[in-house]
Every structure is written in C-alpha cells, then in structure tokens.
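A quick write-up on the structure given underneath.
The values are calculated or read from the model by the stated rules, or taken from the named source; none is laboratory data. Fair warning: this is a prediction, and the values are worked out from it, not measured in the lab. Every residue, glycine as well, gets a Cβ built from its backbone with ideal geometry; the counts of neighbours run over all protein chains shown.
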Amino acid sequence: MIPLSGEHIKLRAIEPSDLDVLYEWENDPENWLVSNTTAPFSRHVLQKYIEHAHQDIYEARQLRLMIDRLDETREVCEIIGTIDLFDFDPLHRRAGVGILIARKKNRMKGLASEALSILIGYAFHNLHLHQLYCSVSEDNQSSMKLFKKFGFKEVGKKMDWIRRKNCWVGVFLLQKINPDDG
C-alpha cells in the first residue's frame, strides 16, 4: 500500500468540516478557469456532495482528496487544496487527474508536485490503474510543467477549446502510462 502522506503534505478523505473551505474554493471565479465551472455552488449542493464522498471510487467513479500541509512536527497546519481522480473507468483501468492549490501563497513551493507524486503512486499501485490523463489549457504553463515533470506526455491538442475574456485557448491532453503495467 502506498501511504497518502509525504514530507510536507498528506492527502485525506473529505470531512464534513471541509464544507466552508470547499464553498470558498468552488465559488472563487479564479478557480473556475481551470475547473470549467461557470456558476457558483450552493452550500446545500456541497453538503450533499460531502455526504456522498464516502462512496468507494468503484461506486462513485471519482475520488476527491483534500491536501493538508504539514508543519515541522508533522501536524496539519493548513488545508491547501484538493486532488481528484475523475472519470474513473475500472474496465480500461484509467482515470483523469485534477489538482487545485487554492491560494497563491501556497503555489510554486513544490506542494502540488508532492501531492501529484503521492496520487500517482496510489493510482498505479493501490488502484492498479494502467493510465492517468489530464487536460491542461495552453496558457497554464505551471500545470504543464508539473504534469510533464511526472512523465505525462502530450498526446493531442483541442484547438480553441476554452473561451477566455477576449480570446480562445487550446487545451492539451496529456497521458501517463503505468510503466509497471505491461
């Protein structure tokens, strides 16, 4: 079993106490750019989501984990984001990956790298997935760099896929094949 913690962060299941932070993040229009969200979420909808988050990935076809930052004593000092497996397909053993480090102050510190590394290990060794994939807009160089660092390869591009304020942006599809799954 791959542990869900690293040197600076740990991944954990969603708890009812996460409602306020999820409400804040899901309703932040800056985060909508990467999540393809166009409208706010109500507390009620998020509360219902949390109530069903206990479902197994094989039942729900998705898994959202909270990312907690650890202090030097390895105690949780802050909830910094989420990392998701979505569109889980057990027959073809694949899933999409999404990650959010919610506040700018926690970005560019290696925390997303650590979370993604843990999730890849969990997906390949615990869930026995054959592949992971993600979609990254061409104007999100930080995410491109992050996923490529972990061996995700560009396999295609959807042209003019996302409309920004005054322009259209393409989206790259990236895949990582489990090297231990022949």
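Which pairs turn up if I take residues in the range 106-119 that are under 14 Å from K148 (Cα atoms) and look for partners that are of a type in the set (K, R) with beta carbon separation below 7 Å, at least 6 apart in sequence or on another chain?
S113/K149
What number of residues within the range 39-59 are basic (K, R) and closer than 21 Å to F88 by Cα?
1
Please pick out the residue among E7, E75, E24, E59 that is of a type outside the set (G, A, S) and surrounded by 11 or more Cβ atoms within 10 Å (Cβ to Cβ).
The conditions single out E24.
Among the numbered criteria (1) surrounded by 13 or more Cβ atoms within 10 Å (Cβ to Cβ); (2) on the phi < 0 side of the Ramachandran plot, which single criterion is violated by G151?
All conditions pass for G151, except number (2).
Can you tell me which of (1) under 22 Å from P90 (Cα atoms); (2) outside any strand (DSSP E or B) is the one Y133 doesn't meet?
In the conditions (1) under 22 Å from P90 (Cα atoms); (2) outside any strand (DSSP E or B), Y133 misses (2) alone.
From the set of residues in the range 136-161 that are touching a residue at least 40 places away in the same chain (Cβ under 8 Å) and over 14 Å from the mean Cα position of the chain (by Cα), which is farthest from L91 (Cα to Cα)?
Ranking the qualifying residues of the range 136-161, first place goes to N140.
Scanning the range 124-159 for residues that are out of contact with any Phe, Trp or Tyr (no Cβ under 6 Å at 6 or more places or on another chain) and charged (D, E, K, R), which turns out farthest from N106 (Cα to Cα)?
K158
Restricting attention to the range 91-115, which residues are more than 13 Å from R69 (Cβ to Cβ), in contact with a strand residue (DSSP E or B) (Cβ under 6 Å, 6 or more places away or on another chain) and aliphatic (A, V, I, L, M)?
Correct list: A95, V97, I99, L100.
Which one of these is under 30 Å from Q55 (Cβ atoms), of a type in the set (D, E) and surrounded by fewer than 16 Cβ atoms within 10 Å (Cβ to Cβ): D87, D160?
D87
Name the strands (runs of 3 or more DSSP E) wholly within the range 6-114 that hold at least 1 residues that are aromatic (F, W, Y)?
76-89
Select, from G156, G151, G182, the only residue that is part of a loop (DSSP other than H, G, I, E, B) and at pLDDT 95 or above.
Testing whether each residue is part of a loop (DSSP other than H, G, I, E, B) and at pLDDT 95 or above leaves just G151.
Which residue out of I118, I162 is out of contact with any Phe, Trp or Tyr (no Cβ under 9 Å at 6 or more places or on another chain) and among the hydrophobic types (A, V, I, L, M, F, W, C)?
I118
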